[in-house]
1. For residue 175, which sequence-distant residues (separation of 5 or more, or a different chain) have an amide H within less than 5 Å of its own amide H, given hydrogens modelled in the peptide plane?
2. Report the charge-dipole magnitude of segment 23-73 in Debye, nearest 20, computed about the Cα centre from +1 at each Lys and Arg Cβ and -1 at each Asp and Glu Cβ.
3. With only alpha-carbon atoms counted, please give the Rg and Dmax of segment 23-73, in Å.
4. Out of residues 5 or more away from residue 118 or on other chains, whose amide H comes under 5 Å of its own, with H placed 1.01 Å from N in the peptide plane?
5. Once you put a point 7 Å from the Cα of residue 32 and another 7 Å from the Cα of residue 171, both along the Cβ direction, what distance in nm separates them?
6. Once amide H atoms are placed 1.01 Å from N in the peptide plane, what residues at a sequence separation of 5 or more from residue 216, or on another chain, have their amide H within under 5 Å of its amide H?
7. Work out the charge dipole of segment 23-73 with +1 on the Cβ of Lys and Arg and -1 on the Cβ of Asp and Glu about the Cα centre, then indicate which of 45, 24, 68 is farthest towards its positive end.
8. Once phi is turned into ³J(HN,Hα) by the Karplus curve 6.51 cos²θ - 1.76 cosθ + 1.60 with θ = phi - 60°, what whole-Hz value does each residue of segment 108-123 show in order, with x for glycine and proline?
Amino acid sequence: MGCCGSKSANSSANRIARWKSTGIVALRDGKLKALPDEVLEVDGFVRTVDLTNNKIVELPPDINKLINMQRLVLANNVLKSLPTCVGCLQSLKTLTLDGNRITILPDELGSLSRLERFSISGNLLTCLPDTIGNLRGHMSTTCGITGVERTCTRDESTWRGAQESVSADNSIEKLPETVCNLINLKSLLLNNNHVNQLPKNLLKNCRALQTLSLHNNPITMEQFQQMEGFGEFEERRKKKFEKQINSNVLMDSKGLDQGLDL
């Protein structure tokens with residue numbers, strides 16, 4: 001027994017040493033039901049935690065010990081919610097939660113001032129928190145809501161381009177008005193939800209928006225065309241599409257992205 005215990009301790013010590021050395025905790029496909037305590041022992045050394053394809057039900061409050069973690073990947077687990085302490089992960093840049101059972105997001109999500117990508121497709125969301133718009137005011141902030149990504153500073157002249165919002169395959173009925181604060185949002189992908197209307201100032205305020213995908217939602221093209229800022233959006237969408245054509249962009253299985261799918 002002593003020998004087996006010694007081997008187990010050595011194995012744990014070796015893992016911890018490796019994680020501290022690389023900053024990467026990779027535990028994919030491990031049938032884990034919880035975040036191992038060993039990970040929390042690495043605390044400030046962790047930069048990336050990948051727990052894809054496990055059976056994790058919840059995150060522990062002590063996850064806020066991972067103060068330097070920049071990337072947390074929890075795709076394809078059985079999470080139903082996020083703890084409020086997620087707002088303490090101030091170094092977090094990527095949070096991937098695709099393929100869980102999440103029904104609600106905490107308001108503390110709005111505290112993640114460095115978030116660059118937040119992907120939460122294939123969950124059970126019916127709404128997004130209003131605190132999404134709070135991220136607009138942070139200095140040098142990149143923030144993403146269900147994949148929404150933007151990078152901004154208080155000086156509008158130095159705002160960099162937003163990237164993408166992916167919240168497909170949920171049950172979202174409407175977006176909070178605060179989404180209109182993401183003025184550099186370039187791509188909004190909401191396929192397979194229950195969206196029947198968009199915030200009235202979305203196209204007016206999000207002047208960088210080029211791609212909007214609402215396939216399999218009840219909203220109609222007529223509703224969309226009547227929104228203020230639609231004409232300007234159309235111009236941006238066409239320019240993006242033409243640029244893709246001129247650049248001989250490679251097509252995926254869904255074909256060339258034309259920037260609009262309703």
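1. Those lying under 5 Å, H to H, from residue 175: there are none.
2. Values: 7 positive and 8 negative charges, 47 e Å.
Magnitude of the dipole: close to 220 debye.
3. 10.0, 26
4. 95, 144, 145, 147, 148
5. Taking the simple label geometry, residue 32 and residue 171 are separated by 3.0 nm.
6. 192
7. The Cα lying farthest towards the positive end belongs to 24.
8. Ordered by residue, 3J(HN,Hα) equals 4, 4, x, 8, 7, 5, 10, 5, 9, 9, 10, 10, 9, 5, x, 10 Hz.
Coordinate-derived values only; no laboratory data. Since we're looking at a predicted model, the values are computed, not measured. Neighbour counts are summed over all protein chains in view; Cβ atoms, including those assigned to glycine, are modelled from backbone coordinates with ideal geometry.
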